[in-house]
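Q: Below: one structure in structure tokens.
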Amino acid sequence: MKHSHFVIALGLFSFLELAAQESITTYDLKEVVVSDVRTQRYADGHKVTVLKDSTIERNGIFLTSLLAFNSNIYFKENGLGMVSSPAFRGTNASHTAVIWNGININSQLNGQVDFNTVNPFNYSSVAIRSGGGSVQFGTGAIGGSVHLNNDLKFEKHLEHQVLTGYGSFDTRSINYTNSFGTGKWSSSFGINYNSSDNDYRYLETDERNTNGEFEHVNLNFNAGYLLNNDQVLRLYHQSFIGDRNLSGNLVAPGRSRYQDNHYRTQLEWVKFGKKTTSKVKLAHLHDAFKYFENKDAEDFSEGRVTTLLARYTMDIALSKAVRVNSFLEYNNFSSRGSSFGTPQRNDFAITAVLKHTVNKKTRYNFSLRQDFSSDFSSPFVFAWDGSYDFGKTYTLQLNASRNFRLPTFNDLYWQPGGNLELLPEQSYQLDLGHQLDFNQLNIRLNSYYITTEDMIRWLPNNQGIWSPVNVDNVRIYGAEVELGYKKTLGEKQEIDFTTNHAYTVSEDTATGEQLIYVPFHRGNAALAYRFANFGAFYQHLYNGPVSIIGGELEGYQVANAGITFSPKLEGKLQYRLGVTLNNVFNTYYENIALRPMPNRNIQTQLVLNF
């Protein structure tokens, strides 16, 4: 059966190659070249939420806080600035794929991305795609995916921005970005420095968050060059250098330290035609860490993994109604670590996505993917999604998919505890969505059902050693509602309101019990108001109680509020002053047991644009 899937996919790819041999007529490129069109062109049946500009700027230096207050994703944080992992639609952290300019950057060591190592200021937009996406984005895209995009603007321009901030706990940040274009050349550059003593007081106690200092440096460079009217060469690079102590908790003081570095580079050549677009992408990813059990000692454990990626993509308009996107992808993973040796793996994937626009109201996508791994027999996965417009105000969306997650190097090789007998996780999903647009008012309602087989969990074995095993069959179902209202009142006033609520049941089918750290109810709301040069905003977050080992962690509500002043000046130089009060009501809360989050604190911000 595995080989028959390959023959089908290879036959489809060969057909696309023949279709691509048609004569190609060139055309002028648009002013803006986006980094990944798949979230726009091939996601008709999915809920996709895009966060930009002011929303990003008012939510701090971590991707965690941006998404916690503006999406339905639940986060588990080991304290401010510490390790942060998502739980998307009742799944775990390794079931949320992070896509950087079109490629999956989840760690091959633990299968996830630490969202407190990602600075949202470095991206043109941040998009959240709900639902399964393994066909297009590979292993781990079960609960959903988060897309970090750097778009290139080729029109003539030169723009600079400097953002500085200072706040409680001696928290400092400075960010510089620029964007440049000549018509044939486009580039953007950004560098960020963030640090904090992070010594906030634990409410209801006399203790402080000791050993919580952190320091981060981010460097981003993106460039594009138009070789001619129908070809463009693009380069994306990102470096992250992090050094942080790891906070203790209410029963044990912290003394450890963690250093992690991430270096990501991808080069892409694109050829545009009247009917066909071809892409060749080459990428190099390198992730490394050092862990000091005692920060004052010289002993440490370490690990690193390097990924080499090569992808060939072809997008063909077979007619006005039918479009096909397909790609071949090869990945080589090599690693070395104190606790897992020197494992390597080679993966190859072939994918084809068919888009059919039936008429002005109806469109759907059908996609297939087969992976071949040197370590596993990977499952054949598929997806279907579509939408239908009932008039101008109501759109019905539906998607169904089979998705997967491969065991990571830690799952397989970690000593002690690694398990070489693990099977890939398999998941099936169905999602029904309703989208209503009434000019200023937008409403989205989604209900979904997910079943997962062979879920990997780390559990203690007979020797008391924690080891991963395929033990769980998990059933997840729930509903999400998202509402947005934006209205301009004359020339000087504007009001913007958004709210999200999620009801999630994520249960072990054997016991019927809710999985740990998955709230049944979670919601947030944000209200922003602008009058002339002044602005104000309020954010509110509710997390319901969650099950933990041996008990339950209480739910909580936390709020932030802020004001801004941005006068209109003559000339190109513009500035904005902002003050944000976090945790307005000084709420004591934990989103991981025994790890209190910060009390009320203040952050200031100055933004210069020129």
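Q: Magnitude of the Cβ-charge dipole of the stretch 2-609, K/R +1 and D/E -1, about the Cα centre, nearest 20 debye?
A: Dipole size: approximately 2100 debye.
Q: Also, quick follow-up: Tell me which GluC sites (Glu not before Pro) from the stretch 167-213 have a DSSP coil assignment and no more than 13 other beta carbons within 10 Å of their own.
A: 204, 207
Q: So, one more: Given an 8 Å cut-off on Cα distances and at least 6 residues of separation, report the relative contact order of the chain as a percent. List each step's numbers first, then the result.
A: On the way: 1728 pairs, mean separation 69.8, N = 610.
Contact order relative to length: 11 percent.
Q: For the stretch 177-182, what does the Karplus curve 6.51 cos²θ - 1.76 cosθ + 1.60, with θ = phi - 60°, yield as ³J(HN,Hα) per residue in whole Hz, taken in order and with x for Gly and Pro?
A: Per-residue couplings from phi come out as 9, 9, 9, 9, x, 10 Hz.
Q: So, one more: What distance in nm lies between label points placed 7 Å from Cα along the C-beta direction at residue 396 and residue 339?
A: 5.0
Q: Continuing with the same structure: Straight-line reach from residue 392: which aspartates and glutamates fall under 17 Å, measuring Cα to Cα and dropping same-chain residues less than 8 apart?
A: 44, 437
Q: If each DSSP helix of 4+ residues adds -39,500 (n - 2.57) and the sum is divided by the residues in the chain, what number results at 222 nm, nearest 500 deg cm²/dmol?
A: -1500 deg cm²/dmol
Q: Something else now. Using the count of nearby Cβ atoms within 10 Å as a rough guide to exposure, how do 142, 191 rank from fewest to most?
A: Exposure proxy ranking, most exposed first: 191, 142.
Q: Moving to a separate point now. Which order do the peptides 290-299, 68-77 come out in when sorted by mean C-beta neighbours inside 10 angstrom, highest first?
A: For the peptides 290-299, 68-77, the packing ranking is 68-77, 290-299.
Q: Still on this model: Please find the FRET efficiency linking residue 310 to residue 432, where r is the Cβ-Cβ separation and R0 is fixed at 41 Å, and quote it to the nearest 0.05.
A: FRET efficiency, residue 310 to residue 432: 0.65.
Q: Would you work out the relative contact order for the stretch 130-247, in percent, from Cα pairs under 8 angstrom that are 6 or more residues apart?
A: It comes to 18 percent, rounded to a whole number.
Q: With a cut-off of at most 15 other beta carbons within 10 Å, and DSSP calling the residue loop, which trypsin sites (Lys or Arg not before Pro) in the stretch 323-397 qualify? Please list them.
A: Those satisfying the criteria are 360, 361, 392.
Q: Which aspartates and glutamates, on any chain, are close to residue 279 with Cα under 15 Å apart, when same-chain ones fewer than 8 places away are left out?
A: In chain and number order, the partners are 17, 36, 230, 268, 315, 329.
Q: At 0.36 nm per residue, and after removing the present C-alpha to C-alpha distance, how many nm does the segment from residue 577 to residue 565 gain when stretched out fully?
A: Fully extending the segment from residue 577 to residue 565 adds 3.8 nm.
Q: Is there a pair in 487/568; 47/274; 76/281 whose C-alpha atoms are over 31 Å apart, and which pairs would that be? List each step's numbers first, then the result.
A: On the way: 487/568 21 Å; 47/274 29 Å; 76/281 34 Å.
Checking Cα-Cα distances, 76/281 exceed 31 Å.
Read the figures in this text as sums done on the coordinates, not as results from a lab. Computed from a predicted structure; not experimentally measured. In this analysis, Cβ positions are derived from the backbone assuming ideal geometry, glycine residues included, and neighbour counts consider all displayed protein chains.
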